[in-house]
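A short worksheet on the structure shown next.
Bear in mind these aren't lab numbers, they're just calculated from the coordinates by the rules spelled out. Keep in mind that this is a model prediction, so the values were computed, not measured. Here the Cβ positions follow ideal geometry from the backbone for every residue, glycine too, while neighbour counts run over all protein chains shown.
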Amino acid sequence: METPDPYLVQSLEALTSLYDTPTERVILKQLDYLDAYGRQLIAASPLMMLATTGPNGVDCSPRGDYPGFADVLDEKTILLPDRRGNNRLDSLKNIVQNPAVGLLFFFPGLFETFRVNGKAVISTQPELLNRFEYEGKKPRTVLVITVEEAFMQCARALLRADVWNPDTFLKKGDLPSIGTIMQAHTKGNVDACEYDTVMRPAMGKTLY
């Protein structure tokens with residue numbers, strides 16, 4: 001008979017007993033809409049993470065473009081174009097089955113982030129696709145996200161990571177090349193040299 005692990009935290013009571021009570025300001029900062037500051041933040045962000053969940057598990061993937069690519073339609077609605085990618089559609093498949101999404105917006109040089117939680121639907125409405133046309137290319141779909149929660153995330157994680165400090169950036173040779181990793185992960189179906197010298201540079205020419 002397997003002995004239960006006495007160190008597993010398996011109840012909300014056990015969890016909250018390990019931490020301090022959140023301060024009032026931590027609770028009060030959460031809004032259920034985007035105010036003028038929230039809109040300004042999203043308009044300044046060129047990078048966000050999109051978290052979804054579905055019957056087959058969870059997914060978190062990056063979304064990046066020019067600052068403000070996530071377009072705030074009104075205080076309860078964000079429009080997010082689905083730009084060209086690898087066609088796995090992990091996030092979109094999850095959204096079709098479970099509309100709950102979490103967004104985390106980043107701002108170059110700023111250590112705080114902005115969190116938005118809500119529900120998403122996937123639209124092919126022509127006006128929405130036209131709205132996000134760029135360099136003559138339209139997205140295949142646009143996410144229409146209804147905001148349920150919006151709040152600033154404190155700076156501690158990014159401060160610990162020192163993420164915006166150029167002195168901490170990886171240098172060539174610190175890791176195996178991405179082609180080498182892809183070759184290993186695909187059991188040789190990707191050639192490391194071809195990926196590093198041909199495929200990876202080509203991505204910069206096919207962003208849209």
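Quick notes on this structure:
Condition check ((1) farther than 19 Å from S123 by Cα; (2) surrounded by 14 or more Cβ atoms within 10 Å (Cβ to Cβ); (3) within 11 Å of the chain's Cα centre (by Cα); (4) not polar (S, T, N, Q)) across all residues:
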position	(1), (2), (3), (4)
M48	yes, yes, yes, yes
P55	yes, no, no, yes
V58	yes, no, no, yes
R63	no, yes, yes, yes
D82	no, yes, no, yes
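- Identity of the residue in the range 116-157, surrounded by fewer than 15 Cβ atoms within 10 Å (Cβ to Cβ), under 18 Å from the mean Cα position of the chain (by Cα) and without any contact (Cβ under 8 Å) to a residue 60 or more places away in the chain, that ends up nearest to A51 (Cα to Cα): K119
- D71 being over 14 Å from the mean Cα position of the chain (by Cα), within 14 Å of L103 (Cβ to Cβ) and of a type in the set (D, E): yes
Rundown of residues vs (1) acidic (D, E); (2) surrounded by 14 or more Cβ atoms within 10 Å (Cβ to Cβ); (3) under 25 Å from the mean Cα position of the chain (by Cα), yes/no style:
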| position | (1), (2), (3) |
| --- | --- |
| F169 | no, no, yes |
| G179 | no, yes, yes |
| Q183 | no, yes, no |
| K187 | no, no, no |
| V190 | no, yes, no |
| R200 | no, yes, yes |
